[in-house]
Amino acid sequence: MYKKILLLTLSLASTCMYAQSEAEVRKTLQKVKTESQAERLKMKESSWQILIPSMSNADTSRNVELTNAELGEILDLPHPNYKGRYLVKPLERSKGLVFSSQYIYLDGTQLSMKEIDSIRSEILARRDEDFLSLVKEYNMDGNPTGRLDWVAKKALVKEYE
């Protein structure tokens, strides 16, 4: 079981460029209590860089502040990819089974079932090799790692799970 956290994430750089003061942004974010309210804010303030990710505790384990934040608390965190800050507000928490996986996709629109079965047999025969090298060699959907982000059980089609 993992704890999932639904977050409202807003880059301060993008909002302050459009003349909203940080105080105005915080006041607006304080009013958002649910995912649907966050979605409406995202549509209303299209110039703001608003993300509404759902993260597992595996994703947040690198950030103790985020993991331990109270629901509704607005955190001011350094941006991980550039010099800047972003605001994060945990909206809800839930418990459930989440998992991460890697895959190799063989495109049935480009290959016959006979070709897919043959390639599948080749891959299985090489299962002791580094999976990433097999992904790079065989995967047909453009994902260079074949890795999915953390997903909740029943979020994918039954055949994949």
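The values are calculated or read from the model by the stated rules, or taken from the named source; none is laboratory data. What you are looking at is a predicted structure, and each value in this text was computed from that prediction instead of being measured. Cβ coordinates were reconstructed from backbone atoms using ideal geometry, including for glycine residues, and neighbour counts include every protein chain displayed. Ligands, DNA and RNA are stripped out before the accessible areas are found, and what is left, the full protein with its side chains, is counted by its heavy atoms. Shrake-Rupley method; radii C 1.70, N 1.55, O 1.52, S 1.80 Å.
Values computed for the structure shown
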quantity: Theoretical FRET efficiency, 1/(1+(r/R0)^6), r = Cβ-Cβ of SER47 and SER100, R0 41 Å, to 0.05; calculated: 0.80
quantity: Cβ-derived FRET efficiency at R0 45 Å, THR28 paired with LEU111, nearest 0.05; calculated: 0.35
quantity: Rounded to the nearest 10 Å², the accessible area of MET113 at probe 1.4 Å; calculated: 130 Å²
quantity: Distance in nm between pseudo-label sites at GLN37 and GLU70 (7 Å out along the Cβ direction from Cα); calculated: 1.6 nm
